Amino acid sequence: MDGQHFSRNLFLFLFLCNVYLYCTTTEVCSNSILPGSKGYPGEVGAEGEEGRMGKTGPPGQRGLTGRYAEKGEMGRIGKMGPNGMRGDKGQDGINGLPGLKGKPGTTCDCGRYRKVVGQMNINISKLKNAVKFLKNVVLGIRETEKMFYLLVTEARRYQDSLLNCKLRGGSLAMPRTTETNTLLADYIREADLTHVFIGLQVGVTEVGYMYVDGNPFLNSTVGSLQSPRMGKGDCVQLGITGAWSQVDCGTTQYYICEFVKIKNTSATSVL
């Protein structure tokens, strides 16, 4: 009986010890959840919206110089440019070899030829005087070394006189020197006139006056012309004193045309 009782108490003791040990382990009696086994991979999610652009970063370091490309094909020839400035005179060349000796000349009757040449000079002088009389008296033309001037006694407006001179092969007179201006002033006085149109107009404020060929008026001593005045007219007239003045382009009056001298130019070609 004692042995059975002892065995029973021993079994109960061991059982309680096992229960105590089981309850005191962290795996069973703790409140933490133990991780399970690794699951299967999930599906790939949808692509998200594009994010906002970030700030511009600092410039990077300068890269290495690239290699030169191959030479391309020759391009098309461009338009010919303007002529360059005239170069300096070159050095004199070496003298050439002397030429062959000419044949002996014949005896000249110089006295007879001198008489012929003298008579030709007399005839040429008479022709020059006749031409001068024709131009100055009959046709009423004045001239300088480079120009012919014709006073047209047909009252026209400025634009009409400009066109008429152009149709004759010239343009409205543009005196650029004091000598030419005096010549034209005398021309007007001898014709018993007071003023005529000349080829000068009021330009923009910065320029002042412009010749009809587009060149600005720079020599202020030629016609004693003052600065342009508003309301005085945009055209210019020349008076018998040689002074220039502004005038309304719509008025009608006489005018002077100028013609450039060329070789073999006759006085009647400007009429």
Checklist outcome for this item: Between ARG52 and LEU100, the two model label points (7 Å from Cα along the beta-carbon direction) sit apart by a distance in nm of 10.4 nm
Checklist outcome for this item: Summed over the other residues with a beta carbon less than 15 angstrom from that of GLY242, with K and R at +1 and D and E at -1, the charge totals 0
Item to check | R0 of 51 Å, Cβ-Cβ distance LYS128-LYS79: FRET efficiency to nearest 0.05 | outcome: 0.55
Checklist outcome for this item: Of the candidates GLY93, GLY75, GLN61, the farthest towards the positive dipole end of the stretch 43-114 (Lys/Arg Cβ +1, Asp/Glu Cβ -1, centred on the Cα centre) is GLY93
Item to check | Pairs from LYS126/LYS146; LYS89/LYS146; LYS126/LYS166; LYS79/LYS166 whose Cα-Cα separation, in the structure shown, is over 30 Å | outcome: LYS126/LYS166; LYS79/LYS166
Item to check | LYS261 versus GLU70: modelled label distance in nm, points set 7 Å from Cα along the beta carbon direction | outcome: 6.8 nm
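Only the coordinates and a few stated rules stand behind these numbers; no lab work does. The shown structure was predicted, so the numbers you read here are calculated from the model rather than taken from an experiment. Cβ sites come from the backbone with ideal geometry, for glycine too, and all protein chains shown count toward neighbours.
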